[in-house]
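Have a look at the structure below, then the notes.
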Amino acid sequence: MTDRRPFTYILLRYRHDPLAGECVNVGVVLHEPTSGFLDARVRHTLGRITKIFPNVDGDALKSALRSIERGVRKLGIHEAGDLFSAGSDALAFARRALPNDDSSFVWGPVGSGMTREPAAELSRLYGRFVGLYDAEAKPARDDAAVWRPVRDRLLAKGIADRLTTKTIESPADQVLFDHAWKNGAWHCYQPLSFDLASADSIRDKAARWAGHMMGLRDSSEAFRPHFFVGSPSNPALLADYQRALLVLERSPVPTDIVEESDIDRLVSEIESEITAHDRIVAD
């Protein structure tokens, strides 16, 4: 057949803590009744689940997923001839393979569409909703690459060696800054590359550093963080990048955020402050 035919699909979600309600997609069931197609695709590896739920029992999770997948496929094999006349959608068959209960798996809402190739459509949906971030690319630039132009300018001005490493501590956290110098308070410069592969990566990084600032707010040492941020090369992620900057701006420690386009301002400020400091010391 070459005509596009209607199908329904449903996502299988893993709910690590039923009380918290946080879920992650772990599988897809697709039903295309005209040809009698019914199949499921689920995770066979943990992917990024361990990053979201570090204490997950991986072996038990994979075993349960394989069991659900086999259950759907068994329905597809034994009832293929009745799928069209039954008038059921993906949810009806999914619930037969895994009834609603208080377990860690829940079915999402039913989706629908048109397709010529249901097996290819199942793979596409799996890639979109489940496997999107499994093979996440490495950052186009890491933090060191973002800082390199600043370092080069400071080297040209002969003041790069004035910056040193500094660990800021508090009862709740400690953070090592690779570039810092003291002028009354510690000025701590942290490059942050948001040239990452996904919106989740950008949000996670911003949240992690905002969390560090929350943890350091009771530090006994006076310090001022300066974040020198690199933007994503993927234009589709620029909105997520802007939201990440808002997260950093709202940290409880007064923070200076400098984007790459303002590199000259940052270098000039560092040079001016060091020059002024040295003049006062000399006098």
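Going toward the positive end of the dipole of the chain, with +1 on Lys and Arg Cβ and -1 on Asp and Glu Cβ, which of Leu38, Gly27, Ala145 do you reach last?
Leu38
Please give every one of the lysines within straight-line cross-link reach of Lys74, meaning a C-alpha to C-alpha distance under 30 Å, and leave out same-chain neighbours fewer than 8 residues apart.
List returned: Lys62.
Where nothing but the Cβ of Lys and Arg (+1) and of Asp and Glu (-1) is charged, how large is the charge dipole of the chain around its Cα centre, in debye to the nearest 20?
820 debye
What's the local net charge at Pro6, with K and R +1, D and E -1, over the other residues with C-beta under 12 Å away?
Neighbour charge sum, excluding Pro6 itself: -1.
Where does the chain land at 222 nm, in deg cm²/dmol rounded to the nearest 500, when only DSSP H runs of n ≥ 4 count, each adding -39500 (n - 2.57), divided by all residues?
So the helix-based figure for the chain works out to -12500 deg cm²/dmol.
Using the per-residue mean of other Cβ atoms lying within 10 Å as a proxy for protection, in what order, highest first, do the peptides 66-79, 251-264 fall?
66-79, 251-264
Per the Kirkwood formula on distinct C-alpha pairs, the Rh of region 143-282 is how many angstrom?
Computed over Cα pairs of region 143-282, the Kirkwood hydrodynamic radius comes out at 15.7 Å.
Grab the other residues whose beta carbon is less than 15 angstrom from that of Arg151, score K and R as +1, D and E as -1, and report the net. Kindly include the intermediate steps, with their values, before the conclusion.
On the way: positive: Arg141, Arg148, Arg153, Lys157, Arg162; negative: Asp142, Asp143, Asp152, Asp161, Asp178, Glu260, Asp264, Glu271.
Local net charge: -3.
Order the peptides 22-29, 92-99, 274-281, 216-223 from the highest to the lowest mean number of other Cβ atoms within 10 Å of their residues.
In descending order of packing, they fall as 22-29, 92-99, 216-223, 274-281.
Which residues' amide hydrogens lie under 5 Å from the amide hydrogen of Val229, considering only partners 5 or more residues apart or on another chain, with H built in the peptide plane?
Under 5 Å from the amide H of Val229: Leu192, Val258, Glu259, Glu260.
Identify which of Leu125, Leu192, Leu19 has the largest mean-square fluctuation in a Gaussian network model of the chain, with springs joining Cα atoms closer than 10 Å.
Leu19
Across the chain, what fraction of all alpha-carbon pairs, as a whole percent, falls in each successive 10 Å bin from zero upward?
P(r) for the chain, in whole percents per bin: 6, 22, 22, 17, 13, 11, 6, 2, 0, 0.
Starting from the Kirkwood Rh over alpha-carbon pairs, what translational D in µm² s⁻¹ does region 5-129 have by Stokes-Einstein at 4 °C and 1.567 mPa s?
Numbers: Rh = 14.8 Å.
Estimated via Stokes-Einstein, D reaches 88 µm²/s.
To the nearest 20 debye, what charge dipole does region 143-282 have about its Cα centre, counting +1 at the Cβ of each Lys and Arg and -1 at the Cβ of each Asp and Glu?
It comes to approximately 120 debye.
Going Cα to Cα from Lys205, which lysines come in below 20 Å? Please leave out same-chain ones fewer than 8 positions away.
Cα-Cα hits under 20 Å: Lys51, Lys138.
All of the numbers you see were taken from the coordinates with simple rules; none came from a lab. Please read all numbers here as calculations on a predicted model, not as lab measurements. No Cβ is skipped: glycine too gets one built from the backbone with ideal geometry, and neighbour counts run over all protein chains shown.
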